[in-house]
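A.B. asks: One structure, pasted below without further comment.
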Amino acid sequence: MLFNFFRKKPSTLFYHTDVHCHLLPGVDHGSPDVATSLHLLGLQQKMGINRIIATSHVTQTTFENTPETLRPAHATLCQAVNDAAMDMRIDLAAEYRIDDFSLAQFKAGKFLTFPGGFLLLENAFQQEILGMDELIFNLQLKRLSPIIAHPERYPYYALNRPRYAQLHNAGVLFQVNLLSFSGYFGPQARETAWWLLENDLIDFLGSDMHHEKHALTLLQFIGSRDYRRLASRLASRLLNDTAIPL
Ligand SMILES: [Fe+2]
């Protein structure tokens with residue numbers, strides 16, 4: 001009893017909107033079913049999140065999702081959240097790997113953005129695509145705001161840091177994975193995440209949550225001194241809660 005009385009309350013995030021997670025049931029290698037989605041949303045709530053942007057993978061061959069495949073999964077999860085009387089808003093978007101499948105969808109105007117026109121892009125992991133600058137420019141001409149998902153995780157950027165500022169100055173926004181700061185994605189991603197923080201190049205944070213291990217590691221990390229350091233640096237500039245209209 002005495003132990004419980006003194007037990008520290010779990011720490012929570014300093015923002016309430018998670019802009020990157022794979023919690024729609026059965027559409028990629030994130031949550032496989034509604035029960036798992038509800039469980040993971042419960043862990044998001046424990047961290048202080050009350051709104052998620054569902055960003056399921058859109059990747060050629062593996063997860064060829066379209067608005068038609070994602071909308072029913074979104075509706076199912078919203079219904080389940082409602083039935084469970086859970087206070088959680090779920091907006092529908094996607095995480096677009098830049099490949100021929102996504103480019104064809106962009107061309108056809110069949111793609112999902114965050115409210116406000118933010119488009120979450122995932123680069124290839126081997127090298128930047130040819131024509132990246134042109135793609136960014138063309139998206140911006142359509143009044144879209146491209147966000148690069150976890151820029152710290154691409155080795156070719158981590159080894160060519162001036163490219164970060166170049167992209168950012170061209171209006172590209174950066175969404176860093178909170179788990180990268182903890183070393184979860186290896187030392188290079190960790191070091192680069194901290195470097196992006198020190199250089200004021202982070203616009204959004206995301207969980208990129210696929211499964212329970214991500215959630216439990218995050219819950220542990222947000223109780224750390226490292227988390228408090230990054231939170232104090234980002235508190236006044238993070239866009240998670242301020243830039244995306246309801
Ligand atoms: Fe992701």
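Readers should treat all values here as calculations from the given coordinates under stated rules, not as data from a laboratory. Small disclaimer: the values here were computed from a predicted structure and weren't measured. Cβ atoms come from the backbone with ideal geometry, glycine included; neighbour counts cover every protein chain shown.
A.B. asks: Please report the projected area of segment 14-234's Cα convex hull averaged over all directions, in nm².
C.D. replies: On the way: hull surface 45.3 nm².
Mean projected area of the Cα convex hull: 11.3 nm².
A.B. asks: What is the count of Lys pairs in the chain whose alpha carbons sit under 25 Å apart, if the two are 8 or more places apart or on different chains? Mind showing how you got there, number by number?
C.D. replies: Working: 8/46; 8/213; 9/46; 9/213; 46/213; 107/142; 110/142.
Number of lysine pairs found: 7.
A.B. asks: Quick check on the chain: helices-only [θ] at 222 nm, where DSSP H runs of length 4 and up contribute -39,500 (n - 2.57) each and the sum goes over total residues. Nearest 500, please. Intermediate values should be presented prior to the final figure.
C.D. replies: Values: 10 runs with 98 residues, N = 246.
That calculation yields -11500 deg cm²/dmol at 222 nm.
A.B. asks: While we're on this one: Could you tally the net charge around residue 62, taking each other residue with its Cβ under 11 Å from the Cβ of residue 62, Lys/Arg +1 and Asp/Glu -1? Numbers along the way, then the final one.
C.D. replies: Values: positive: 97; negative: 28, 64, 99.
Residues close to residue 62 contribute a combined charge of -2.
A.B. asks: Under a Cβ-only charge scheme (Lys and Arg +1, Asp and Glu -1), can you give me the dipole magnitude of the chain about the Cα centre, in debye to the nearest 20? Don't skip to the end; give the middle numbers.
C.D. replies: Numbers: 22 positive and 24 negative charges, 172 e Å.
Value, rounded to 20: 820 debye.
A.B. asks: Using the alpha-carbon centroid of each, what span in Å lies between segment 197-246 and segment 164-196?
C.D. replies: Rounded to whole Å, the Cα centres lie 11 Å apart.
A.B. asks: What does the net charge come to around residue 206 if you take all other residues with beta carbon closer than 10 Å to its beta carbon, with K and R at +1 and D and E at -1? Don't skip to the end; give the middle numbers.
C.D. replies: Numbers: positive: none; negative: 18, 95, 208.
Residues close to residue 206 contribute a combined charge of -3.
A.B. asks: Under 15 Å from the Cβ of residue 232, count the other residues' Cβ atoms, weight Lys and Arg +1, Asp and Glu -1, and hand me the total. Intermediate results must be reported in sequence, preceding the final value.
C.D. replies: On the way: positive: 225, 228, 229, 233, 237; negative: 198, 200, 226.
Residues close to residue 232 contribute a combined charge of +2.
A.B. asks: Take every Cα pair under 8 Å in segment 59-111 that's 6+ residues apart, average their separations, divide by the length, and report that relative contact order as a whole percent. Write out the running numbers ahead of the final one.
C.D. replies: Numbers: 26 pairs, mean separation 29.7, N = 53.
Once normalised by length, the contact order is 56 percent.
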